[in-house]
Amino acid sequence: IRRPPRSTLSSSSAASDVYKRQVYGAIIGFGIGFGIRILGKMYYKKEVFGVGDVKLLGFLGLLAGWNFFFPVFFMGMLIASIYSVIAILFKKLDWKSKIPLGSFFCIALIIFQIIDQKCLDFIYQIN
């Protein structure tokens, strides 16, 4: 059995690009979560972002990749904001209440994966 030439074993393969995108997404997700945690603690003098949320953002970055992390992050914050406003209007929360953000980030990832898959199916159907 002959070994393929070294030039075909380069790191620029498609699988390597996917892994890079996921690792960069994990680094960006963890970095943004850690940055929010540190800056919030410096500004408000109390914890504004839990350690679990920071770890979860790193994991979501790993799952979504760096190019899809920001839409998932902002969609999660939007869903959490909508939930908070509705809960405040119905007197379930007050302005000082803490809400767990992790569930909203997970819901945003699931929604984004469903929407993304539908868009890909539509594009492949056109071709």
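Taken together, the values in this text are just the output of simple stated rules run on the coordinates, not laboratory data. What you are looking at is a predicted structure, and each value in this text was computed from that prediction instead of being measured. Neighbour counts run over all protein chains shown; Cβ positions are idealised from the backbone, glycine included.
The table for this structure:
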read-out	value
Förster radius 35 Å - calculated FRET efficiency between residue 36 and residue 16, Cβ distance, rounded to 0.05	0.70
Gained length - residue 115 relative to residue 83, 0.36 nm times residue gap less alpha-carbon distance	9.5 nm
